[in-house]
Every structure is written in C-alpha cells, then in structure tokens.
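Have a look at the structure below before the remarks.
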Amino acid sequence: MGHRKRHAPKRGSLSYLPKKRARSWIGKTRFWPETNEGPRLLGFAGYKAGMTHLVAMDDQKGSLTYGKEITIPTTVIETPPMIVFGMRAYVKSFEGMKTFCEAWMDKPPKDLERLLTLPKKANKDKSLDKIRDSLEKIDEMRLLILSQPRIAKTGRKKPEIIEIKIGGGTIKEQIEYSIEILGKEIDMSNVFKEGDLVDTIAITIGKGIQGPVKRWGVKRLSHKSRKTVRGVGSIGPWNPAIVMYSVPRAGQMGFHQRTEYNKQILKIDTNGNEISPKGGFVRYGNIDTNYTLLKGSVPGSERRLVMMRYPARPPETEIPAPRIAYVNMESRQGD
C-alpha cells in the first residue's frame, strides 16, 4: 500500500489580512456605486435587533421550490428616522476628493453638540448660492445624516454622523434634491422599497485574542506533542529562518469590518410592536419605531449599527420579493 498524502488546508481566507480591530464600531463605506435612477440617497442605517424566520411563497422561477412555501432566516433591523442636518459638495483634485462647500440646517438638534460644534457664523443661504453658482466645479454631492439612538433600544444618547452620497441624475438635480430634504427627517421607505437588494456594512462580533485553532481552524496536535497542542507543527524552516505571513498565528479575532452583498429587503414597516416577540429581542428589547426585515444574516452583534447601501454588484436577473405568509415571533424570546 502506497503512501497516502494528507490534505489538510488551513481554514480562513488570507484575503482578509491583517485581521486587526476596526478603528470604530461604525462601519466605513469606502465605495458608492452608480445608479441610473433619479437623484436619491444611496444608503440608510439601522440597529440590529436580532434574528427570526418567516414563511413565504417562493416566486423565483427555476427554483426547486417554486410555488411552494419556504422558511427564510431573517434579520430584524430597527430603522428609526434619521435627520439630514447638512449637505456637502466635493470637487476632484490630484489628492482625491476635497470639500468645496458645506450648508447646514437652521436649527440643528441638541444631540449634535455631543459630536461637533457647528460654525456660529454659518450662512445657509450664502452657502447654497455658492453651491448653485459652481455647478461646473462640483463633482459629487453628499448628505450628512444624524441618527437618533434615543428613540431606538440601543441604550445610547450620543448619535452617529453618517455621510451618504447622492447618486443618479445631474449635479444640478442632486443639489436641488439635497436642498429639498435638508433639515428634514427621512425614513427607510424614502430610500429603499420592499424587494430591493442592499449591501450590508457592519463590524463583526469581537472575540478578543484567540489562538490558531479557533482563529484559523487548524487541527490540534497529538497529546504527546512537545510543548504545545493547540498550535501548528512548524512555523517555518531553519534556513532561511523566516516566518511567512500565511502561517496561522494567534491574534485578534472578530471586530473586523465586513461587507455582505445583495441582501434582499423582505419588509419595511412602521409598527415595530408587531414584530417584537414576547419579552423583546434578546439583548435588545422591543422595537417601538420603524423596522426592516433582511433576508439572511447580517454582520455584527445586537444594537450594532448596520449600514445598508445601494448594491455594488447587483445580479443580472431580477429577484422577486417573496410573498410573506407568516413571521415567527416566538423563536427569539427575551427574559
């Protein structure tokens, strides 16, 4: 009998190196896709409440369960209204995008003072005139959005500031759209609709410093192994004496920024009490404001901010929204 080669590939992708802690618990959107639709916000944010499941009719043609009821795992995200407190125009330069001009709402909320101090001499009308008169210079428009954690079950008072790009239409149309909603509250339904696909950007659950067995999934060594069992057999050769970056080593696990693509919006509603289980969601509580149901799982722990962005890699075929027949409210009960 010949020698049998052992094949034991290391778990975990090297594409995510270095696996270091994220700078903030709020995910950073590094890319905004293009859209052919009219001027619109390309994202919205909410707080992850938990997971449940629902029963719906499968309307995807070609599916093995077409026309039948299927069970779909669902993430519940509380999406309270957000305040548009500022607009910002950008111009291109050799060093990248640079701020050209900013305009602020007349009476910003008091919670904004916890994060920054707006300029006292800021003239809204003067800034808007400067933006309107510089259409040829401006390359991009973005809105400054303020979250409202007080009305959600996050246990925090300090809001988050999120910068969201406006896509679609001409620069003139984007400017008029920004002026129209400046100082107003926007809902999830003003940005997305049921059946749309979104990319979720969030920070995963942190697990601290872990060894190579848990962090990379390598097998434990024999109990007769010298010095260590929960480690790798060799970290490299004697000559050249080097440890390659691909060798599984201990280090930070979790609390990394991750983006998951093409999550379908199953439902958007304003009555959170109808989705809250008896006793509330574990480690979150009852939902009193707007909520959104996303198909599948979402990175992050409960109460973590989840950014939902216009899809960067939409599929070629349209995916119909399933017809919901029943939403389970008992699988994740609180105390």
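The values are calculated or read from the model by the stated rules, or taken from the named source; none is laboratory data. The structure presented is a predicted model; accordingly, all values stated were derived computationally and were not measured. A quick note on method: Cβ atoms are made from the backbone with ideal geometry, for glycine too, and the neighbour counts reach across all protein chains shown.
For the structure I just gave you, tell me whether Glu163 is of a type in the set (D, E, K, R), within 23 Å of Glu37 (Cα to Cα), modelled with pLDDT of 90 or more and within 27 Å of the chain's Cα centre (by Cα).
Yes.
Yes or no: segment 83-105 includes at least one residue that is assigned to a loop (DSSP other than H, G, I, E, B), surrounded by 10 or more Cβ atoms within 10 Å (Cβ to Cβ) and not assigned by TED's automatic domain parsing to the domain that holds Leu293.
yes
Return the only residue of Lys224, Lys207 being at pLDDT 95 or above, of a type in the set (D, E, K, R) and part of a loop (DSSP other than H, G, I, E, B).
Only one candidate passes the filter, namely Lys207.
Test Ile70 against the criterion of being touching a strand residue (DSSP E or B) at 6+ places or on another chain (Cβ under 6 Å) and not aromatic (Phe, Trp, Tyr), and give yes or no.
Criteria not met by Ile70.
Give Gly296, Gly236, Gly251 a once-over and let me know the one that is more than 17 Å from His53 (Cβ to Cβ) and either assigned by TED's automatic domain parsing to the domain that holds Asn328 or touching a residue at least 12 places away in the same chain (Cβ under 8 Å) (or both).
Of Gly296, Gly236, Gly251, the one residue that is more than 17 Å from His53 (Cβ to Cβ) and either assigned by TED's automatic domain parsing to the domain that holds Asn328 or touching a residue at least 12 places away in the same chain (Cβ under 8 Å) (or both) is Gly251.
If I ask for residues that are charged (D, E, K, R) and either surrounded by 20 or more Cβ atoms within 10 Å (Cβ to Cβ) or at pLDDT 95 or above (or both), which ones from segment 144-159 would you list?
Within segment 144-159, Lys153 is the sole residue that qualifies.
Out of (1) modelled with pLDDT under 95; (2) assigned by TED's automatic domain parsing to the domain that holds Thr317, the odd one out for Arg132 is which?
The one condition Arg132 does not meet is (2).
Does any residue of segment 111-129 turn out to be without any contact (Cβ under 8 Å) to a residue 60 or more places away in the chain, in a loop (DSSP other than H, G, I, E, B), under 20 Å from Leu42 (Cα atoms) and touching a Lys or Arg at 6+ places or on another chain (Cβ under 8 Å)?
No; the residues of segment 111-129 include none that is without any contact (Cβ under 8 Å) to a residue 60 or more places away in the chain, in a loop (DSSP other than H, G, I, E, B), under 20 Å from Leu42 (Cα atoms) and touching a Lys or Arg at 6+ places or on another chain (Cβ under 8 Å).
Across segment 228-267, what is the number of residues that are over 30 Å from Arg313 (Cα atoms) and of a type outside the set (Ser, Thr, Tyr)?
Of the residues in that region, 20 qualify.
Yes/no matrix, rows are residues, columns are (1) assigned to a strand (DSSP E or B); (2) under 13 Å from the mean Cα position of the chain (by Cα); (3) loosely packed, with under 15 Cβ neighbours inside 10 Å:
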site	(1), (2), (3)
Lys267	yes, no, no
Lys278	no, no, yes
Val298	no, yes, no
Arg303	no, yes, no
Pro311	no, yes, no
Pro314	no, no, no
Ile319	no, no, no
Met329	no, no, yes
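List pairs: first in segment 153-180 and over 17 Å from Lys130 (Cα atoms), second of a type in the set (Val, Ile, Thr), Cβ under 6 Å, 6+ apart or cross-chain?
Glu160/Ile26; Ile162/Ile145; Ile164/Ile145; Gly167/Thr35; Gly168/Thr35
Taking the conditions exactly as written (assigned by TED's automatic domain parsing to the domain that holds Thr204 and loosely packed, with under 15 Cβ neighbours inside 10 Å), does Glu274 satisfy them or not?
Spelling it out, Glu274 is indeed assigned by TED's automatic domain parsing to the domain that holds Thr204 and loosely packed, with under 15 Cβ neighbours inside 10 Å.
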